[in-house]
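Peer 1: First, the structure itself, so that you have it in front of you.
The values are calculated or read from the model by the stated rules, or taken from the named source; none is laboratory data. Computed from a prediction, not measured in an experiment: that's the story for all the values here. Neighbour counts are summed over all protein chains in view; Cβ atoms, including those assigned to glycine, are modelled from backbone coordinates with ideal geometry.
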């Protein structure tokens, strides 16, 4: 796909950004090229070149974020030219390892997946740069840990740092302010208040939760509950493939039972299993539903349709800690990069105040400095920025369940459709998720 895509499409594609099982589709090397035999080592520098220099960036991101960041970086450092090299997503993933092993490797490369790219030694460990620039103090650990992996690429969340974020997407809850006002409901700040709002809406003949589950997006509901009950750290262990982790937890049990219960009570629209996410967004935007679990990538479409009649909040946590499902665009420095120090300077720029507004304006949430982002007062985008800021302060970001292995998205989809349809029990639903996880992390 070579046309510009919307932030929604970009972020939806990111659901499988860090999947370990799918890893980079092509594990080969460029003819005549060679993979590094060891990790790049030696001192790193935070100094920019004094004379003219060119930074090459290979990417499949076409929402405009990276290109806009490149332009802002050049404006700040006019002697640095940024050569942004775009390739369509499908071709990019197929050819990435070939590109990285080439003697003409770029200085930065969008890293959609870790796996074989890390195992083959094709990207540079960024921990020396993280220490030099103080990234561990700038980023909440939940942001950087999504791009850590063991040397064999099999476990996320631990080991060396292989990429740095360029812009985030998160999932929360949109709500129809007009319907809520008529029902005497405000944005819930506790699980009890959320459950009470659902019951009140149903009793008044208002659809409690808009849902399109054709692509398994009920996983947003399930994971939001798991994250909030079990906490970000414990849930991240499962997503990251930490040995011994399980989804059969208090949060997992609560989430599976809740999904089945909401379906049985008629809290979802009829035909939810046959409606996709864009379809549910369109229906919600027309006033069908009090709540919608969805990501910030749909904020523009929803805001354009509903104006100041829509709000957004993070799903209320059990311990007053904000959690949210989310991940990022992220860039790695190839082991064969000609200008690794310059590449690291660009990565550092991505978490600067100057980059925050650029990231937000192109459809993503800023890596840092959310308080610097300008949004219309009372708008849904303003709500999203506040939610993002709170999630960061509580270090509550958790990668998508679908990213834990290559087949989890299919399992989430098929089993949730069966659970909502009353064809399996909540216990069978959790068993299916855990069995998939076990196979994916053997």
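Residue-wise test of (1) closer than 27 Å to residue 228 by Cα; (2) touching a strand residue (DSSP E or B) at 6+ places or on another chain (Cβ under 9 Å); (3) crowded, with 22+ Cβ neighbours inside 10 Å.
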site: 274; (1), (2), (3): no, no, no
site: 292; (1), (2), (3): yes, yes, yes
site: 295; (1), (2), (3): yes, yes, yes
site: 300; (1), (2), (3): yes, no, no
site: 306; (1), (2), (3): no, yes, no
site: 313; (1), (2), (3): yes, yes, no
site: 320; (1), (2), (3): yes, no, no
site: 324; (1), (2), (3): yes, yes, yes
site: 339; (1), (2), (3): no, yes, no
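Peer 1: Shifting gears a bit: Can you name every residue in the range 195-227 that is part of a helix (DSSP H, G or I) and closer than 22 Å to residue 298 by Cα?
Peer 2: Passing the criteria: 219, 220, 221, 222, 223, 224, 225, 227.
Peer 1: What residue, of 380, 373, is buried (at least 20 other Cβ atoms within 10 Å of the Cβ) and without any contact (Cβ under 8 Å) to a residue 24 or more places away in the chain?
Peer 2: None of the others qualify; the one that does is 373.
Peer 1: Can you give me the number of residues within the range 84-94 that are modelled with pLDDT under 90 and under 15 Å from residue 166 (Cβ atoms)?
Peer 2: Residues that pass the stated criteria total 0.
Peer 1: State all residues of the range 357-382 that are in a helix (DSSP H, G or I) and out of contact with any helix residue (DSSP H, G or I) (no Cβ under 9 Å at 6 or more places or on another chain); if no residue qualifies, say none.
Peer 2: The one that is in a helix (DSSP H, G or I) and out of contact with any helix residue (DSSP H, G or I) (no Cβ under 9 Å at 6 or more places or on another chain): 382.
Peer 1: Counting only residues that are touching a residue at least 12 places away in the same chain (Cβ under 8 Å) and not in a helix (DSSP H, G or I), how many does the range 72-96 have?
Peer 2: 11
Condition check ((1) over 22 Å from the mean Cα position of the chain (by Cα); (2) within 30 Å of residue 210 (Cα to Cα)) across all residues:
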{"position": "90", "(1), (2)": "no, no"}
{"position": "94", "(1), (2)": "no, no"}
{"position": "97", "(1), (2)": "yes, no"}
{"position": "109", "(1), (2)": "no, no"}
{"position": "129", "(1), (2)": "yes, no"}
{"position": "175", "(1), (2)": "no, yes"}
{"position": "180", "(1), (2)": "yes, yes"}
{"position": "187", "(1), (2)": "yes, yes"}
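Peer 1: Let me confirm something: among 332, 299, 345, which residue is under 19 Å from the mean Cα position of the chain (by Cα) and in the same structural domain as residue 366 (by TED's automatic domain parsing)?
Peer 2: Working: 299 fails: in the same structural domain as residue 366 (by TED's automatic domain parsing); 345 fails: under 19 Å from the mean Cα position of the chain (by Cα).
332 is the lone residue from the list that is under 19 Å from the mean Cα position of the chain (by Cα) and in the same structural domain as residue 366 (by TED's automatic domain parsing).
Peer 1: Only one of these conditions is not met by residue 164: (1) surrounded by 23 or more Cβ atoms within 10 Å (Cβ to Cβ); (2) closer than 28 Å to residue 281 by Cα. Which number is it?
Peer 2: (2)
Peer 1: Residue 288 - would you say it is more than 30 Å from residue 54 (Cα to Cα) and outside any strand (DSSP E or B)?
Peer 2: Yes.
Peer 1: Quick check: anything in the range 95-105 modelled with pLDDT of 95 or more and either in contact with a helix residue (DSSP H, G or I) (Cβ under 6 Å, 6 or more places away or on another chain) or not assigned by TED's automatic domain parsing to the domain that holds residue 124 (or both)?
Peer 2: Looking for residues that are modelled with pLDDT of 95 or more and either in contact with a helix residue (DSSP H, G or I) (Cβ under 6 Å, 6 or more places away or on another chain) or not assigned by TED's automatic domain parsing to the domain that holds residue 124 (or both), one finds none in the range 95-105, hence no.
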